[in-house]
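Data first, discussion second: the structure below is written as structure tokens.
Just so you know, all these numbers are worked out from the coordinates, no wet-lab data involved. Quick caveat: nothing in here was measured; it's all calculated off a predicted structure. Note that each Cβ is placed from the backbone with ideal geometry, even for glycine, and that neighbours are counted across all protein chains shown.
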Amino acid sequence: MDLFDNPGTLAAIPIEDGALALLAQLPLPLSNADVFAQLLAQTPWREESVVVYGKRHLQPRLSAWYGDASYTYSGLRLAPLPWTALLLEIRAAVETVCGQRFNSVLLNRYRNERDSMGMHSDDEPELGAEPVIASLSYGTTRTFILRHKRNKQTLRLPLEDGSLLLMSGQLQRHWVHGINKSTRPLGERLNLTFRYIA
Ligand SMILES: O=C(O)CCC(=O)C(=O)O
Ligand SMILES: [Fe+2]
């Protein structure tokens, strides 16, 4: 049987004001360890800076942007890298599971427990009114935090090696999300967020 005949199904996570679904393991012909090692080695990782309230900061993580179109992220104009064979293969599997097309992917590398991502919404206008974002994780499990903008309700989701989280509907409008630093030592994690940019 071809792996892609039965890609597994996303399980909905009940949440107000948005849609969230999780697949524990994205089916791919490569092992999670091979995907992790190849992405780590092939990617031209960069330490980007962002402007927050007029002040420039280095991001506490490494990143790389691939895709068909350029994109503005936290005041940063990112020219995309061309798709690699591995990223195209991963994208095809993600698209099959999600039933959605994606034309770009942001790779984030959290080197250890001191790397993080501040609470934010992926609500740039070019992502559309109801952005569909597929978030794929490899390596060390980190806790993905979602907080409702109005009532401050908080959800904590451990994102494990090989898991795929799909965010859609009104989620970006009503919630912020991020990855906190940890006080306990942690190994490396890679995250890929597939997006569709109009
Ligand atoms: O690393 C993660 O799980 C979150 C990544 C994220 O929110 C983003 O790239 O916008
Ligand atoms: Fe995000």
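In the elastic network of the chain, a GNM with C-alpha springs shorter than 10 Å, the most mobile of Leu159, Leu28, Leu136 is Leu28.
Sorting Val50, Val94, Val176 from the fewest to the most surrounding beta carbons within 10 angstrom yields Val50, Val176, Val94. For region 3-195, the Kirkwood estimate of the hydrodynamic radius, built from every pair of different alpha carbons, is 17.0 Å.
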